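The values are calculated or read from the model by the stated rules, or taken from the named source; none is laboratory data. Just so it is clear, the model here is predicted, and its values are computed rather than measured. Here the Cβ is made from the backbone with ideal geometry for all residues, glycine too, and neighbour counts use every protein chain on show.
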Amino acid sequence: MYADVIVDITNERLDKTFQYLVPETMEKTLKPGMQVWFPFGRGNREQKGFVLELKERPDFDPEKTKALTRIAEESVSVEGELIALAAWIRENYGSTMIQALKTVLPVRDKVRGVERVTFVPARSEEEMQAYLTLCIRKNYRARVRLLKALKEEGSLTLPEAEARGISRKALKDLKESGYVCALRETVYRNPVSRADKAYERKTLSGEQQQAVDCFCRDYASGIRRVYLLHGVTGSGKTEVYLEVMDQVIAQGKQVIVLIPEIALTYQTLIRFYTRFGGRVSVINSRMSQGERYDQFERARNGEIDIMIGPRSALFTPFSHLGLIIIDEEHEASYKSENTPRYHARETAVQRANMCGASVMLGSATPSMESYYRAKTGEYRLLTLTKRVEERPLPKVYIEDMREELKAGNRSVFSRHLRALMEDRLQKGQQMMLFLNRRGYAGFLSCRSCGGVIKCPHCDVSLSVHRGKGRQKLVCHYCGHEQEMMNRCPSCGSGYISELKAGTQQIEELVQREFPGARVLRMDMDTTRRKGEHAKILSAFSERQADILIGTQMIVKGHDFPGVTLMGVLAADMSLFAGDYRASERTFQLLTQAAGRAGRGTDPGEVVIQTYQPDHYSIVMAAEQNYESFYEQELIFRRMLKYPPGAHMLAILMSCEDESHLTVGAEYLKKMIVHLYKGKDMQVIGPAEGGISRVKDRYRKNIFIKHEDYTLLTRIKDRLEQYIEANEGFDTIQIQFDFNPMNLL
Ligand code: ADP
Ligand code: ZN
Ligand code: ZN
């Protein structure tokens, strides 16, 4: 057996790994993450390091491979575990070791907890008074303000002083004068303000209790595995999480809860705080590095048992991690868009395996990958089929927009939706209008027959490219190109165009057509500044508006009991986004959107407007029939070898020089085909990327499809070596993306 080790992770040379022979006596005990001693460098000095990976076969000449001396520490520390996890990430997603380490050990040392500075008087009361009089006479305005404040308050923190308009310079002068001194203490900020409400324990429904029991029975008998909690919207998944967390924590273990950033709202967090109080912490992407580091420190010190946060919370340094929960596990944001492009779900499963924890994934619309694994028995499936308290699922209507056009209605609102909106306004009930603008539009569709122009090879819609002068239609996978069209090839109609609509236009339209209605809009524009997101949501939940218009932001996990109508405008926008996940994403969005209506005591109605009323992802979403959608979609994925039918490795290339990029991409493709001839592998492309020129860089992608993930990682390794060895690739940026989520 051979071990890859890394020397000292504070060292700049940490990118380099070294291989050693594992003496037979160590073979049984040695695990990735353990610390070992080995001879190092020219003088064979004893050096300590971490084991990253164990291998059956050597990568180098075994004659020249030295052996490990001894194990330094048999127990794997959290740090060791995270380092081994980094090695796994590097191997499975492609990156350098530094990039992988920076992902799992963010802001290692250097950034300390924040120092709290408090200013206090340094002399006796009389002396202070005398000095104040002097400053008044000399007209030192800032000092006067500070001295007066100190007289009243006794002490002042730095932010308090700054709030009174006292500059840092004035503070420094005063300190130097010797009249004021600054006390420093390091505090780890606790971002969780104490919850004021007491937790009301709910009586679990039969289905909820079953799910909890199943998990707890396993857990108590030492079984650790992955559970997929599939529960319809409003079935009370969070309550199940809270219950199983309780059990895990009672055994002295810790829990990480991943929630999509967009759903990290006060509403969500308060449910965890009221249940677990100060033992909960949270991180989010708006926090500074230092703030996030503080929270990781608190986790390391055992001050908390629960960490809630987006993707990166997965790397919380808990040393007794017992459970990782991933809510809305189908969300694309769990996949990193930067190298290493790791998926939090797979990485969570790996971390759990390494430290003996379980994983619970939850969703109303599980990802194809997870459901596939649940079906094959790799994951344990737990289902909640009913909404809590027997609330009915909403009634869903599909409105065929081609019929509207035929009847002379060119408005964005179908006649049915308009009638229902008027009805709600009259009754004083709330509604939401969801504009499905996911991704980049740019596909051609026919408003008369609903047809969409697709790639003959890949069965995804072709995208309109504007490049130099002429417009053309291209496929983002295989590079297939064809002429732009101005008539529909199947029905001959001239109403063929790209679907275009923005939330702002919809808002104006609503205001024109429903004067008097109180409207709120939530999209990227209205939520740019910190806190605006929460402000809009709370205004709407306090019923300060009748209509909330928005993009995907409004459909994710919010609970507005007053909403009885959801209108989905342009349901088709996400259906033809030009990548293989388009149908899945559409089904998820529509199901989630439908799930927003009727969560209170009044039943809800949903109107889905579409040009493709017969498309299975729309029909099944309207029926809230996940199972049928899954079966249909799996047939498509298997036929075209898209995940989970097979695995896909995307090689993303970009370069300032277009012709150089073209040549480089062709070389890479030749290399792949040459190396893996006869391996029953599909190599597609090079094709232009979704946005072929970003920031003046040209982009091209190659896709490789194969059933065996390990083979794809081996291809990645070989290509990395090939790229490294050839100067021609120096000016081309190359990234690897396994089973990509977004094609941009
Ligand atoms: P989901 O995440 O599955 O859509 P939630 O967990 O948000 O559903 O639950 C929906 C609502 O139902 C919440 O307001 C929650 O407090 C409530 N709820 C959950 N379980 C129960 C229960 N057993 N009894 C009563 N109310 C419940
Ligand atoms: Zn047509
Ligand atoms: Zn194609």
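One table, with the values for the structure above:
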item	result
Sole residue being surrounded by 14 or more Cβ atoms within 10 Å (Cβ to Cβ) and in contact with a His (Cβ under 9 Å, 6 or more places away or on another chain), chosen from THR564, THR527	THR527
In region 358-395, the residues that are among the hydroxyl-bearing types (Ser, Thr, Tyr), within 14 Å of TYR626 (Cβ to Cβ) and assigned to a strand (DSSP E or B)	SER363, THR383
Check on GLU337, among the acidic types (Asp, Glu), crowded, with 23+ Cβ neighbours inside 10 Å, within 17 Å of the chain's Cα centre (by Cα) and at negative phi	no
Residue selected from region 251-268 under the condition touching a residue at least 60 places away in the same chain (Cβ under 8 Å), closer than 15 Å to LYS556 by Cα and not polar (S, T, N, Q), by the criterion surrounded by the fewest Cβ atoms within 10 Å (Cβ to Cβ)	TYR266
The lone exception for TYR630 - which of (1) assigned to a loop (DSSP other than H, G, I, E, B); (2) closer than 27 Å to MET681 by Cβ; (3) not hydrophobic (A, V, I, L, M, F, W, C) it fails	(1)
Residue within region 426-448 that is in a helix (DSSP H, G or I) and at pLDDT 80 or above present	yes
Near pairs, Cβ below 6 angstrom, 6+ apart or cross-chain, from region 672-689 (at positive phi) to any residue that is part of a strand (DSSP E or B) and of a type outside the set (A, V, I, L, M, F, W, C)	GLY685/ASN701
Any hit, region 358-376, residues being away from ligand 3 (no atom under 16 Å from the Cβ), within 30 Å of PRO644 (Cβ to Cβ) and without any contact (Cβ under 8 Å) to a residue 12 or more places away in the chain	yes
Residue within region 95-105 that is outside any helix (DSSP H, G or I), surrounded by fewer than 16 Cβ atoms within 10 Å (Cβ to Cβ), among the aliphatic types (A, V, I, L, M) and modelled with pLDDT under 90 present	no
From the options GLU378, GLU389, GLU404, residue that is at pLDDT below 95 and within 29 Å of ILE249 (Cβ to Cβ)	GLU389
Test: SER659 is in a helix (DSSP H, G or I) and either among the hydroxyl-bearing types (Ser, Thr, Tyr) or touching a Lys or Arg at 6+ places or on another chain (Cβ under 9 Å) (or both)	yes
So LYS677, is it surrounded by fewer than 21 Cβ atoms within 10 Å (Cβ to Cβ), more than 24 Å from the chain's Cα centre (by Cα) and more than 23 Å from SER463 (Cα to Cα)	yes
Residues being in a loop (DSSP other than H, G, I, E, B) and either acidic (Asp, Glu) or within 11 Å of ligand 1 (Cβ to nearest atom) (or both) - total across region 239-253	0
Residue that is nearest to GLY231 (Cα to Cα) [pool: residues in region 621-634 that are more than 25 Å from the chain's Cα centre (by Cα) and modelled with pLDDT under 95]	ASN625
So SER538, is it at pLDDT below 85, exposed (fewer than 14 other Cβ atoms within 10 Å of the Cβ) and more than 28 Å from the chain's Cα centre (by Cα)	no
Conditions (1) farther than 25 Å from ARG581 by Cβ; (2) buried (at least 17 other Cβ atoms within 10 Å of the Cβ); (3) touching a His at 6+ places or on another chain (Cβ under 7 Å): number failed by TYR397	(2)
Positions within region 459-507 being within 11 Å of ligand 3 (Cβ to nearest atom) and modelled with pLDDT of 85 or more, in sequence order	LEU473, HIS480, GLU481, GLN482
Unique match (being within 22 Å of ARG599 (Cα to Cα) and among the charged types (D, E, K, R)) among ARG402, ARG410, ARG415, ARG387	ARG387
Counted residues, region 8-67 - those being outside any loop (DSSP other than H, G, I, E, B), at pLDDT 85 or above and touching a helix residue (DSSP H, G or I) at 6+ places or on another chain (Cβ under 6 Å)	3
Residue selected from region 213-238 under the condition surrounded by fewer than 21 Cβ atoms within 10 Å (Cβ to Cβ) and in a helix (DSSP H, G or I), by the criterion nearest to ligand 3 (Cβ to nearest atom)	THR238
Of all residues in region 226-240 being under 10 Å from ALA211 (Cβ atoms) and of a type in the set (A, V, I, L, M), the one that is nearest to ligand 2 (Cβ to nearest atom)	LEU229
